[in-house]
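Working notes for the structure below.
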Amino acid sequence: MGRKRGANANSTLAQHVATAEKLLRQGRTRHALDFLAPIVRRHPKHPDLLYCVVVAQRLLGDFAAALQSVVTLLGLVSGYGRAHQEHGYILLALNQSEAANQAFRQAVELNPGLLASWQQLRQATSDDASAWRRRIDANLGYLQSLAPELRSVVSLRHEKKMRRAEQTCRSYLQDHPKHVEAMRLLALMASEQGRLDDAEFLLESALEFDPAATRVRISYIDVLHKRQKYDKSFAEAEHLLATEPTNPTFRLAYANQLNAMGNYRQALEIYDNILDAQPDSALAGPRLWLSRGHALKTHGQIADAVRSYQRAYKSRPDFGDAYWSLANLKTYTFQDEELKRMTEFVQSNTVAQDDLAHLHFALGKAHEDRGEFEKSFQQYEQGNDIRRKQTKYDPATMTARLKLQHWVCNEEFFAKREHVGHDAPDPIFIVGLPRAGSTLLEQILASHSQVDGTLELHHIGSIAQKLDSRRRRNDAPRYPGTLSHLKPETFKTIGEQFIAETRVHRRGAPYFIDKMPNNFRHIGLIHLILPNAKIIDARRDPMSCCFSGFKQLFASGQEFTYGLYEIGTYYQDYIELMNHWQTVLPNRVLRVQYDDVVNDLGTQVNRILEYCELPFEQACIDFHRNTRAVRTPSAEQVRQPIYRQGLQQWENFEPWLGPLKEALGPALWSYRT
């Protein structure tokens, strides 16, 4: 009932905002302010209501009140681009032109869809040859080419108001069904919400309508990259580059695909060439330095990666991802000056929410390294709070989804489906929770001459998503129930497709590893399509595993980690589902305890190799000498001999972990049963 009342309250407030916006558009400014006054008194921290108050006060010429209101608003939501734009207008009216330009610039950094801010910046910029002027002109040209409805979509998308943005975009497409830029914008929103199938379909369709649409093709490459269809994304990048070989944007897209395909040396050459040839261009900014650092890290060139990440934050001092990337090396120690700078940024009201989240996680690591555990926990908690609000993850929904696996995939279900699937023995799946030691197990196995290490592959999740079919967010799930309706030969076809589609990640060994942790949700599916595949459950002490996940900022996915209650509940659900798989598919999965590997490496290596039907090789014991690329947060740890430091780090934070212990419940004492 509480959640329903909350939803109704939010709906009512949204209606109030819509009414105020309508009054402002009609020029009934005083009426709008009078309408808002009692509502804002009841909800003084609602950003959209307060934003409407700021606009009304400015339009009425009450600049002192407007300035006070906008400062309050930015104190509540620092990453609100339109609020910074209003701040700029107010400062202009107060004849503070330099401060106004800074506000307009902050506005477009947060929300590049703000045409009015770009126009103000264009008027204030006199150097026609500067990179900043070229950036202004490029954004103005793009936004002015769009219909007003699509400009609204761009702005709403950057404000994370996805529902309104999608509704506006779909409405526009109903009247303009072949408008490729509208299709691209809708695809971008689908991609950002994890609906990669929809995004790929939309972009393919748009390219059929206009094969020369460069923006569409670049977005298509990005979606293919996210789907790990690197052979296709590389081919598209090659095609793009062939049309204009010297175009730096096309060269960058090509380099990113080289990087994905494992050709780091050539990718780095292109990155460096762009940085050397056009150091003042928009391309040669913090994101390129960050990408360069990631490539170096993946290839084990840590000192160079550190310098690249530092260049990224020098290029934009509040670039949170650069600081977090340094922290995420796990071996980097922040200097006093860096700690001071990060602290100042999180205390300001000028940093975007994404940067703020990265900075909080980086500060958590910095204070933890200094033994300042209470300060460290506070930073981790604040970073998690931001991410939890952004993702809107619901633990009850996840629990219900996992319970469906229990109900559908029972003993009778599997008894009726014996001898189905593709008989290839190639895959070795490593499943579990993130930060449970899966990278260590992968490194051990990938050091064997007959095994290729790959990535955390998305293919099983994508198969499950397809089986769930296209449905609205709140519709009841169709998967795993849809497995009951598949013909026996379909399981074989799906297994064959999995082997074919993952071939691009392999290097010729007879076996390969897929270490996507979330695949534990789909062990029934894996068993049906690939009955000879091996499955290893990487398990770690619940407190160690969950707290390690809590202090990790993931690039994407793993939304359940952004809260102690959320991750504790998820761990308990995981244990229950793994127990279910053991009951209905006995001895199908090998469980490997992380601390057993740390304390008795030789015994566990032999046990793993025996399960995988592989002969012993000393290289598996000497896994840290393997120079293969590693793309997970544990990259540096698995390039060292057994890493013992992380076993009980959670104990330093025990005073603040009560909600985690409560959420874990029976999982706390059933770890080894």
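The values are calculated or read from the model by the stated rules, or taken from the named source; none is laboratory data. Note that the coordinates shown come from a computational prediction; the quantities given were computed from them, not determined experimentally. No Cβ is skipped: glycine too gets one built from the backbone with ideal geometry, and neighbour counts run over all protein chains shown. Ligands, DNA and RNA are excluded from the accessible area calculation, which covers all protein heavy atoms including side chains. Shrake-Rupley method; radii C 1.70, N 1.55, O 1.52, S 1.80 Å.
Considering only residues that are acidic (D, E), modelled with pLDDT of 95 or more and in contact with a Ser or Thr (Cβ under 8 Å, 6 or more places away or on another chain), which ones fall in segment 460-494? Result: no residue meets the conditions. Looking across segment 496-508, just one residue is out of contact with any Pro (no Cβ under 9 Å at 6 or more places or on another chain) and open to solvent by less than 20 Å² (accessible area, probe 1.4 Å), and that is H505. Only residues that are among the β-branched types (V, I, T) and within 30 Å of T343 (Cα to Cα) were counted across segment 371-417, and they come to 2.
Would you be able to say whether some residue in segment 278-291 is part of a helix (DSSP H, G or I) and either touching a residue at least 40 places away in the same chain (Cβ under 8 Å) or over 24 Å from G79 (Cβ atoms) (or both)?
no
In segment 273-321, the residue that is surrounded by the most Cβ atoms within 10 Å (Cβ to Cβ) out of those that are acidic (D, E) and over 24 Å from R387 (Cβ atoms) is D304. Just one of (1) in a loop (DSSP other than H, G, I, E, B); (2) crowded, with 17+ Cβ neighbours inside 10 Å fails for G371. It is (2). Any residue at all in segment 451-459 that's in contact with a helix residue (DSSP H, G or I) (Cβ under 6 Å, 6 or more places away or on another chain), closer than 23 Å to K226 by Cβ, surrounded by 16 or more Cβ atoms within 10 Å (Cβ to Cβ) and of a type in the set (S, T, N, Q)? Within segment 451-459, one or more residues are in contact with a helix residue (DSSP H, G or I) (Cβ under 6 Å, 6 or more places away or on another chain), closer than 23 Å to K226 by Cβ, surrounded by 16 or more Cβ atoms within 10 Å (Cβ to Cβ) and of a type in the set (S, T, N, Q).
Taken together, L359, L329 contain a single residue that is open to solvent by less than 20 Å² (accessible area, probe 1.4 Å), modelled with pLDDT of 95 or more and of a type in the set (A, V, I, L, M), which is L359.
Of S348, S376, all but one fail to be over 20 Å from K297 (Cβ atoms), surrounded by 16 or more Cβ atoms within 10 Å (Cβ to Cβ) and among the hydroxyl-bearing types (S, T, Y); the exception is S376.
For L185, the test of being closer than 25 Å to Q119 by Cα, not basic (K, R) and not in a helix (DSSP H, G or I) is failed. Among the residues of segment 378-394, those identified as modelled with pLDDT under 95 and in contact with a helix residue (DSSP H, G or I) (Cβ under 8 Å, 6 or more places away or on another chain) are I386, R387, R388, Q390, T391, Y393. The residues on offer are E149, E166, and the sole one that is farther than 24 Å from N247 by Cα, open to solvent by less than 40 Å² (accessible area, probe 1.4 Å), at pLDDT 95 or above and not β-branched (V, I, T) is E166. Helices (runs of 4 or more DSSP H) fully within segment 17-132 that include at least 3 residues being in contact (Cβ under 8 Å) with a residue 12 or more places away in the chain and open to solvent by 50 Å² or more (accessible area, probe 1.4 Å): 63-76, 97-110, 115-124. Within this structure, N111 passes the test of being among the polar types (S, T, N, Q) and in contact with a Ser or Thr (Cβ under 7 Å, 6 or more places away or on another chain).
If the condition is being among the acidic types (D, E) and open to solvent by 80 Å² or more (accessible area, probe 1.4 Å), then segment 475-495 contributes only E489.
The C-beta contact set for segment 159-172 (first residue within 15 Å of D48 (Cα to Cα), second residue open to solvent by less than 30 Å² (accessible area, probe 1.4 Å) and not in a helix (DSSP H, G or I), distance under 8 angstrom, 6+ apart or interchain) comprises E159/Y80; E159/N111. Restricting attention to segment 403-423, does a residue exist that is closer than 23 Å to Y574 by Cβ, open to solvent by 60 Å² or more (accessible area, probe 1.4 Å) and assigned to a loop (DSSP other than H, G, I, E, B)? There is no residue in segment 403-423 that is closer than 23 Å to Y574 by Cβ, open to solvent by 60 Å² or more (accessible area, probe 1.4 Å) and assigned to a loop (DSSP other than H, G, I, E, B). Here Y89, Y51 are screened, and the one residue that is within 30 Å of R135 (Cβ to Cβ) and within 30 Å of the chain's Cα centre (by Cα) is Y51. I need the full set of residues from segment 192-234 which are touching a Leu at 6+ places or on another chain (Cβ under 7 Å), of a type in the set (A, V, I, L, M, F, W, C) and free of Cβ contacts under 8 Å to residues at least 24 places away in the same chain, in order please. Across segment 192-234, the qualifying residue is only L202.
Out of A212, A187, one residue alone is touching an Asp or Glu at 6+ places or on another chain (Cβ under 8 Å), at pLDDT 90 or above and of a type outside the set (D, E, K, R). It is A187. Considering every residue within segment 29-39, establish whether at least one is of a type in the set (K, R) and either closer than 24 Å to E109 by Cβ or at pLDDT below 95 (or both). No.
Any idea which residue in segment 315-345 is farthest from T298 (Cα to Cα), counting only those that are of a type in the set (V, I, T) and not in a helix (DSSP H, G or I)?
Among those that are of a type in the set (V, I, T) and not in a helix (DSSP H, G or I), it is T333.
Among the residues of segment 235-277, not one is among the acidic types (D, E) and in contact (Cβ under 8 Å) with a residue 40 or more places away in the chain. Restricting attention to segment 230-266, the residues being among the polar types (S, T, N, Q), over 19 Å from A213 (Cβ atoms) and open to solvent by 80 Å² or more (accessible area, probe 1.4 Å) number 1. Residues in segment 192-206 that are within 14 Å of R157 (Cβ to Cβ) and either modelled with pLDDT of 95 or more or in a helix (DSSP H, G or I) (or both): 2 in all.
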